[in-house]
Structures are given as structure tokens and as C-alpha cells.
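Engineer: Starting off with a structure, shown below.
The values are calculated or read from the model by the stated rules, or taken from the named source; none is laboratory data. Here the structure is a predicted model, which means the values were calculated and not measured. Note: ideal-geometry Cβ built from the backbone for every residue, glycine included; neighbour counts use all protein chains shown.
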Amino acid sequence: MTHRVLFHSLAALATSALLAGCNCRNDVNYTPLTAPEALVNDHGQWLSMGVAPDGRLVTSYYDRDRGALGFGIGEVRNDGEVWWTHEQVDGYPDSQGLDPGDLGLHTSLAVVDNGDVWVAYYSTQGQLWAALRQGGVWTLERVDAGDGINPDAGRWASLALDADNSPVIAYQDTGNGTLKVARRTGDDTWSSEVAFEGEDGTDEAGATIDANVGSYARLMIEDGTEYIAFHDAVRGSLELLEGFPGAYTHTTVETGGVGQWPSMWTDGTTLLIAYHNMAEQDLELARRDGASWQTFSVDTDAYVGADTEVFRDTEGIGIVYFDGQFNDMRIAREAGGSFTTESIGGESQALGYHNEIAYTEGQWFVASYDYTNRNIFTRPL
């Protein structure tokens, strides 16, 4: 097991020093900002966002300039603006100038109740990694190095916490074309298993197409039940596993060139899955009440529906997603049994890819990678 403990950035060192002399509620406290921290690196792709126990936003992302994993802590101001301070986690040159490689793609973040932060991410060496932040110190653990002739594990990593606040990661083993799930079994040890293998197909000429499942994997754990939505590239379908470790129930939700970029919401009775219909370039929603599924076309404008984030509040169902025709972030809102759609960002920027949404300070915040300014775009809904 590869295991490293690192301090990264002055912000992390300052955080650790602060904690040594205070009875802080959680370990993401830091000196309040007087202005947003300037960060010139191209950062924000493969964005994942959560909320710290004290209400601040936290995010993991890919630093395109350095080929590295970064982390941000966002302070919400009275006007809704978010001021970020940043830390370097993995993939940045060390004190001798050595670059450990291209790391930090496919990030997925979860925050423990005590303020610890877990981040799953992918290395272009074909490995799945996890980073744990405690008291400003980052510990890095290799989760899966892949196997076979061409090892390549960790793309589409999706991390969630189980009932014991232990991390669980669903991801694709691209080298084998399977969906895998990894669990932390000790202080720095992980076990992984194939959760779904898929079946081979044939092309128009009758040649065999190797099974290829697990892309766009999305994990949600609710009341002990695990839900994993993912895409089957051979069948062109949206697939769902649900249940408990070793006892998943499998459902094919829809076929026909669909199932990319799924996101989920449940209250234990109703299950919602928003996803992209790549064949039609539409935004779709699947809803299950009890045992039956219904699917809806939410937005049928040109080139819409990628990178969904579905949620539900007192106003009903909301879905944040990408408008590929105008490079905007859009939202679909349920009203009277139908959906209305509008742009919520991108008039002067290219937004809407690597979308995230989180609720804090009494309001929803959306975030995305800003392709125009090469940084993180954040705003309240």
C-alpha cells in the first residue's frame, strides 16, 4: 500500500497551526479572508463540491497547468460571492522540483461530520487514489493500481460515505471494462471488487465488441442503501445497482444511446435519476415511485443535458446541466407537472461543464469550471 503524509501550501500550514491552539469545531478552520486568494493556475476541471460543518464550501478540482489535484475552501460573503483559499494536494512539484505525474482528474469529494475531507481521484498512470485531509494535513493512499495487460483503474470515480463515515468509491476499471467498488478496510488499506461486468456485443459487421460498463459512474448512499448509476457503452443504456455490498439488485433503466452523466436524489420512496440522452442530445429524467419507472424528456433543445446535478427542495425538482449549443449552465425547474428551463450562467463565459451544487447559508450554490477565465465559477441560485 502506497501511503504518504504531506503538508501542501502555506494555507495548509496556517490551518494546522491554528488548530494546535484552539478548540475548533472542525479541522477546516482557517484565518478569515480579507480578499479572495489570487490563483493564477488554470484550475477547476473535474470539480466536486461539498459543505464543511461550519457552512463553508469546500471543493476538489484538477489543476490543468500543473496536472495536479487542488483543494479550495470557500467563504460565502453577505452578497453571495464566494472567496476561495486554495491548497495543493497531490501532483505538484516537491521541494526538489520533482513532478510526481499527472494526477487529479475525475475528482469526487465528501466531508465527514467532524470536518475531515475525503477526495477520490485518478492518475493518468492508470491508478485510483484517495486523499484524506485531517487538521490541514493531507494523507495520500493508493486505492487500486489496476491489473491485466493494460492496467487502467479509477476513471469516473464517485465517492460517498457509509453509515460509519468510511469512504466508498465506485469507478470504472477501463482496462477491463468493468464497474468496481472500493472500500477502506483499515487505516491505510483498501479492498476492491468488480460490482458489474456487462456483456460483449457485436457491431454491424458482426465483429465482437468487448463489454464496457462503468463509465459516468455515480454513487449515492442513503440510509445504508447504496445506489450506483452508470453507463453501459455496448448497450447504450442507463444502468442501476442498488442494495448492499455483495447483494446488489441490477436494473436497466433505459436503452437507446442514453445514460451518460447521471445524478441521483432519493427520499427513500422516490428515486430520481437525471441523465444525458447522447443519441438525441437531450436532458432526461427517470423517476421511480415504488417499483415502476417513468422517463421524461426535460429539455429537448439542441445539444443539452450533459453533466447533470439533480436536487429537490420546497419548489420541487431542479436539475443543473450543460447547454452545449451556447456553452451555458442551465437549470430545469418543475412547475405544475412540467419543466421550465433557463440559463443561470455563461452569458460572457463558457460554463456548465463539471457542474456541482450544494446547500449552505440557507441557499443553493452552483459551481462549474469556467472555460473562459480558467477558474471556478460559483453563484447562489
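Engineer: Using the structure shown, decide if Pro36 is more than 30 Å from Val181 (Cα to Cα), surrounded by fewer than 19 Cβ atoms within 10 Å (Cβ to Cβ) and modelled with pLDDT under 95.
Structural biologist: Yes, satisfied.
Engineer: Of the residues Ser263, Ser297, which is at pLDDT 95 or above, assigned to a strand (DSSP E or B) and over 21 Å from the mean Cα position of the chain (by Cα)?
Structural biologist: None of the others qualify; the one that does is Ser297.
Engineer: Still on this structure: Under 7 Å between Cβ atoms, which residue pairs at least 6 apart in sequence (or on different chains) link something in the range 348-362 that is more than 25 Å from Val111 (Cα to Cα) with a partner that is hydrophobic (A, V, I, L, M, F, W, C)?
Structural biologist: Filtered contacts from the range 348-362: Gln349/Phe377; Leu351/Met329; Leu351/Phe377.
Engineer: Look through the range 61-78, keep the residues that are touching a residue at least 40 places away in the same chain (Cβ under 8 Å) and over 20 Å from the mean Cα position of the chain (by Cα), and return whichever of them is surrounded by the most Cβ atoms within 10 Å (Cβ to Cβ).
Structural biologist: Applying the filter and picking the extreme gives Val76.
Engineer: One residue is enough: does the range 97-109 have a residue meeting the conditions closer than 22 Å to Ala52 by Cα, modelled with pLDDT under 95 and of a type in the set (Asp, Glu)?
Structural biologist: no
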